[in-house]
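A short write-up of the structure that comes next.
Taken together, the values in this text are just the output of simple stated rules run on the coordinates, not laboratory data. The shown structure was predicted, so the numbers you read here are calculated from the model rather than taken from an experiment. Counting neighbours? That spans all protein chains shown, and the Cβs are built from the backbone with ideal geometry, glycine included.
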Amino acid sequence: MRDRAARTAGAWHVDEALAARYAADSAPEPDAWSLEKHIETCGTCAVRVSAAVRGTAAGTVLADVRGAVLAAVAPPPPPPDVGRAPAIGFTARVLWAAGPALRGSWLAALVLVVAGAVGLAYATGFAGARPLLLALAPVLPPAGVAVSYGRYADPMHEIGAATPGGGLRLLLARTAAVLAVSLPLLTLAGALLPDAALGTPGAAAWLLPGLTLTLAALALGSYVGCRAAACAVGALWVLALAVPLLTTGSAGAVGVSPTALTGPATPAELSGHLARFLSGAAAQGLWGAGAAGCAVLLVARRRSFDRPSFGGGGFAR
């Protein structure tokens, strides 16, 4: 309790024991995070931690590598504007936390889906643009997570996952970045599109299902990797929507005649089918329960993301 009070009061410093545990990679994650945050502003503790790390086997190897690099490469010239260094560092940290999704093809695909839906609705008069957008929206955030985290998606994955701020913490930061972009953009696009028919789900009806599918991809990703999990979740969602519309036996369930099922579903049929998944207190309650269950499983499996080799495929043991 005294230690926590000292940290709160700002009088806490890193002692030799904590520095040794950190250097040996045996310090608990909260203590490691507190230490790393503290040495950003405390030079005395930074020197103490640096000395402890240099005393380990890894520190010896790093010192040899550093000496070889310095001997082979001339020191770079000082930056012309020293005052801009913190801004550059902050930008680098933001881009690293956001992940490849917001710097690559996923963001372009998201914008293309939104622009395509709006163009179909207003340029061609296609009445099914809003139902199609609502059908695609829940699987777009898991796809963004899949291309944000993992050794197949991020060239710096193993380095990031090996740090105390990596693993699940990094994965959640990149998931939040994906959701912060996709949720408002897709919801705004849905609100701008006209209703296909009476009973079409609202523009925000996909939010809780989209969050649930994202958490499901994260939880399943602790077993099979984020990329495989996102593909599995997306495939299940597409099957859940497509099979009843393509199967004659489900005609009564979706409210259309068997003869209508011989051709493509109309916007009204797709809207009615989506309403069963997205609209109403019962459906939203089930999605909420699913989100809570996936969150609990993700917390229970949080250690699965600590291995640097995990995150893009293969099973976590």
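Taking a Cβ cut-off of under 13 Å around Ala295, the surrounding Lys, Arg, Asp and Glu residues balance to a net charge of +2, with basic ones at +1 and acidic ones at -1. Protection proxy ranking of 134-140, 269-275, by the mean of other Cβ atoms within 10 Å over each peptide's residues and highest first, is 134-140, 269-275.
Ordering of 290-297, 202-209 by packing is 202-209, 290-297, highest average first (other Cβ atoms within 10 Å, averaged per residue).
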